[in-house]
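Accompanying notes for the structure given below.
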Amino acid sequence: MLNKISNVAVSTSIKTSVKPQVEPQVSRLSQVLSEIWAYRLSYLFIAPFMLCFIAFILIPVLAAVGLSFTYFNAIEQPRFIGWQNFQYLISQDLLFLKYALPNTFKFALIVGPGGYMAAFTLAWLITQLPDSLRRWFALAMYTPSLTIGIAMSIVWLPMLTGDRIGYLNSILLQLGIIDVPKLWVTSKDYLMNSMIVVTLWSSMGVGFLAMLAGILNVNKELYEAGRLDGISSRIQEIWFITIPSMKPQMLFGAVMAIVATFKAGAIGVELSGVNPTPEYAGHLIINHIDDYGFIRFEMGYAAAISVFLLILMYVSNKLSWSLFGSADD
C-alpha cells in the first residue's frame, strides 16, 4: 500500500514538473506557425528560390560533405572510411601538394586582386566619360565575360599559337624581341602566364557592373563637401569618399572575384588542348577534382577535395567581409 502511494506521488510530481516545460514549447510552436501563416504570401513568393537553393546548393553541398568521408567509385555503395581522404590529401597526394595547391594560390593571388582592381579602375574611368559614350564602353568591357568560349577559339588560340603564324609570335619576331617562336600554351614556362592574361581579360563580369553602379550612385554632394574640407585630388576623393560610399558593391565584387578565381580551371585545358596540362603547369584544384571525379571515378576523394576548396573559399570570403563588410550588411 505504501509503495502504491509513493509511486502515485512520484508520477504526480513528474507530471507537474514536465507540464510547465511542455506548455511553453507548445505555445512557442503555435506562435511560430501563426506568424508563418500571417506572412504566407511572402513565403509563397520566396518558395521558388528556396526550392532551387535547397535542390541545387544545399543538398549537393551536404552530399559532398557526406561523401568526403567515404570511399565511393560510382559503382559500389559508399563505404565509410572516416578522415582517410583528408589525411591523404594533405600528406600523401603529391600532385595536389606539388602542383594543384601552389598553382591555385599563384593563379588566385594574381587574378583575384588583379581582376578586382582592374574592374574598379575601369569602372571609375568609365564614369568619367559622357553619358553617350559610357554605355558603349561599359558594354565593351562586359562583353568578354559573356563570350569567353567563342573568344578563346577565335582570338586567343590563334594569337598564342606556338609557331611563326601565331599573331603574338609573328609580331614579336618582326620587332626583333624574340629569335624563335615561343610555345605560349604548350610550354610549362609560359602556360600559367597565358592563363593569367586570358582570365584577367575576361574578368570584367557582374562584379564590374556592380562597381560601376556603385560609383554612379555616390552622392555628388559628398564630393563638394570633401573639396570644402580640403580634398584636393582625385585619389583622395576615391579613397575617402568613393570607396567608403560603395562598400556593399565593393564587397559583392570581391566575393564574385573570389568565386570566379577559385572555380577557374578549364582555361588551362582549353588553351593547351590537353588534359592534364603540360607537366601540370596549369593544374589547378578544379582540374584535380575533375581528374579524380570524372576520370578516375574516385568520387569520395573528389568530394573531399571539393570540401577543401569550399573551406578555402569561405576563408577568403570572410577576409572580404572583414575589409568591406559592416554590422548592417
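So, counting K/R as plus one and D/E as minus one, what does the shell of residues with Cβ under 15 Å around Phe297 add up to? Summing Lys/Arg as +1 and Asp/Glu as -1 gives -2.
When the chain is described by a simple charge dipole with +1 on each Lys and Arg Cβ and -1 on each Asp and Glu Cβ, the residue from Pro158, Ile59, Ser30 located farthest towards its positive end is Ser30.
Extension gain, Asn219 to Val26: 0.36 nm times the residue separation minus the Cα-Cα distance gives 64.4 nm. Taken as entire DSSP H runs, the helices of the chain that both span 27 Å or more between Cα atoms along their own long axis and average 0.0 or more on the Kyte-Doolittle scale are 2-38, 101-127, 299-324. Counting charges near Phe96 (Lys, Arg +1; Asp, Glu -1) among other residues having Cβ under 15 Å from its Cβ returns a value of -1.
The GNM of the chain, with springs linking C-alpha atoms under 10 angstrom apart, assigns the highest mean-square fluctuation among Asn85, Asn217, Asn169 to Asn217.
Against the criterion of solvent-accessible heavy-atom surface with a 1.4 angstrom probe, Leu95, Leu125, Leu160, Leu209 sort, most first, into Leu125, Leu209, Leu95, Leu160. Charge tally around Asn85: other residues with Cβ under 15 Å, Lys/Arg +1 each, Asp/Glu -1 each, net -1. For the options Phe137, Phe56, Phe80, a Gaussian network treatment of the chain with springs between C-alpha atoms closer than 10 Å singles out Phe56 as fluctuating the most. For Glu35, the accessible surface of its heavy atoms amounts to roughly 100 Å² (probe 1.4 Å, protein chains only, rounded to the nearest 10). Rounded to the nearest 20, the Cβ-based charge dipole of the chain about its Cα centre (Lys and Arg +1, Asp and Glu -1) stands at 740 debye.
Amide H contacts for Tyr71 (H built 1.01 Å from N in the peptide plane; partners 5 or more residues away or on another chain; cut-off under 5 Å): Arg79, Phe80, Ile81. Between the labelled values [x] 20.6, 66; [y] 18.1, 54; [z] 28.3, 113, the entry that holds Rg and Dmax of the Cα atoms in Å as derived from this structure is [z]. Approximating the spin labels as points 7 Å out from Cα along Cα→Cβ, the Asp229-to-Ala63 distance works out to 5.3 nm. Here Met195 sits with roughly 0 square angstrom of accessible surface, probe radius 1.4 Å. Pairs exceeding a 21 Å alpha-carbon distance, out of Lys263/Lys318; Lys182/Lys263; Lys98/Lys182; Lys98/Lys318; Lys106/Lys247: Lys182/Lys263; Lys98/Lys182; Lys98/Lys318; Lys106/Lys247. When the surface is traced with a 1.4 Å probe over the full set of protein chains, Val218 keeps roughly 10 Å² accessible. Measuring spread by the Cα atoms of region 170-265 yields a radius of gyration and Dmax of 20.4, 59 Å.
Each of Val315, Val255 has its accessible area taken with a 1.4 Å probe; listed largest first, they run Val315, Val255.
The values are calculated or read from the model by the stated rules, or taken from the named source; none is laboratory data. A quick note: this is a predicted structure, and the numbers were derived from the prediction, not measured. Virtual Cβ from ideal backbone geometry, glycine too; neighbours counted across all protein chains shown. Quick note on the areas: whole protein, heavy atoms, side chains included, nothing else; ligands and nucleic acids left out. Shrake-Rupley method; radii C 1.70, N 1.55, O 1.52, S 1.80 Å.
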